[in-house]
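Everything below concerns the one structure shown next.
Please treat every number below as a calculation from the coordinates, not as lab data. A quick note: this is a predicted structure, and the numbers were derived from the prediction, not measured. Using ideal geometry, Cβ is built from the backbone for each residue, glycine included, and neighbour counts are taken over all protein chains shown.
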């Protein structure tokens, strides 16, 4: 199906909720409430026993709605879904989001019901997300089909990271976490059993989406491995893709089958496929978004040499170990670069790698040091550990440091990615979040920053292998303004 058929889910003009409820706490009520709170288009509740719900006029069936409906969100019991889908098709609906569970994930009877649903969808030329999902969330348009109360569920603002999840609960948890972290989302899709719209469709759509800079995915299994690999291979030269693949063990694969009816497959096959297509594989929720933030906010690394710029010696040692464990180089700096650093640092500082400016540092020590490192030609990625709590560091550090980084990166042939580490309490968290808002992702530990740095190195290596590194970097420069 062409890409334009997917667009309707993210930017519809009208949405109907079939199974809308008047009772707080019910899925059909909370979903309608979220739509009313976020969505900017027209909303039509469908319930044969109600005249109005949440101040919106209700209709007995979708065919009674006096407007053309772009998307119908279905929350009725599974046995009634094919009939509702038929009504939607006859009413000219373009897309269905089926929240209801009870399909192939429950066994042969549910699989037959899902087959009938797909048959209806195909007959009327509609597209389908689900069943057994929570649908979509798009901050920019307000399209929001989650049924979790906004007092409990966080909804992040607009950003550059797209997130595709086969699990609705996991996807909702990630959205909640992203909102807490202040990480923005371009598009969120929970597709459950992916009976129609699947990974391939979404990868094709998102690689052309101007709001998305990096694609992150949680998957349990794929039906058509060849098509999936083709979609990945066509996407990764344009945008990075980070994947969290569950069902790695025999027990996990069994759990995936009962969850979304997924065929998890042998894990080593997925690992090989990811390696062949330039996918960054991750192994947990935090790592998935740590990597997504790095790939979305920073350029790919031109090589595998890392520098560490730290206010604390112990943290510098931990960062060195973490980077080395991942196979990145932490080279000793040349005498020429060491001499330049000595001229801008205190006599007690260590100008090697890690560059330890010590707890007596001021803003200038960090700012002048990062420029020397970036211009040295000896490093490809820098991990920065500022320790905002030391007395010589001012509240203006982030602004001044990031302005210098951006200035130097505009002048370099290949920009150098910078990642930060800020471990501490309330004061540190405030400035850590400020740094992220200015474009440098910040992590709670050297180990997490090292994994993010490895992702930038690996993606840069992939782009050089396929010959599109310079093209990607040039596009990235335009997107971020350097």
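Using helices alone, what [θ] at 222 nm do you get for the chain, with -39,500 (n - 2.57) per DSSP H run of 4 or more residues, divided over all residues and rounded to the nearest 500?
Result for the chain: -13500 deg cm²/dmol, rounded to the nearest 500.
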Heads up, segment 286-445 by the C-alpha gyration tensor (a ≥ b ≥ c square roots of eigenvalues; a/c under 1.5 rounded, else a/b over b/c prolate, else oblate) looks rounded
Output the antiparallel fraction of DSSP beta bridges having both residues in segment 299-476, as a percent to the nearest 5. 5 percent
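Most exposed first by the Cβ proxy, i.e. fewest other Cβ within 10 Å, how do 463, 309, 35 rank?
Ascending number of Cβ neighbours within 10 Å: 463, 35, 309.
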Find how many whole Å separate the alpha carbon centroid of segment 348-410 from the alpha carbon centroid of segment 41-114. 56 Å
So for the chain, averaging the separation of alpha carbon pairs under 8 Å that are six or more residues apart and normalising by length, what relative contact order in percent results? 11 percent
For the chain, percent of DSSP beta bridges that are antiparallel (nearest 5) comes out at 15 percent
Estimated inter-spin distance, residue 80 and residue 350, nm [label 7 Å along Cα→Cβ]: 6.8 nm
Would you order 5, 201, 325 from fewest to most other beta-carbon atoms within 10 Å of each residue's own beta-carbon? 325, 5, 201
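What ranking of 268, 365 emerges when the number of other C-beta atoms within 10 Å of each C-beta is taken as an exposure proxy, fewest first?
With the sparsest Cβ surroundings first, the list reads 268, 365.
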Using alpha carbon positions and the Kirkwood radius, the Rg to Rh ratio of segment 4-295 is 0.95
FRET efficiency, 1/(1 + (r/R0)^6) with R0 56 Å, evaluated for residue 390 and residue 208 via beta carbons: 0.75
For segment 61-220, place one equal point scatterer on every Cα, skip the solvent, and apply the Debye formula. What is log10 of I(q)/I(0) at q = 0.12 Å⁻¹? -0.52
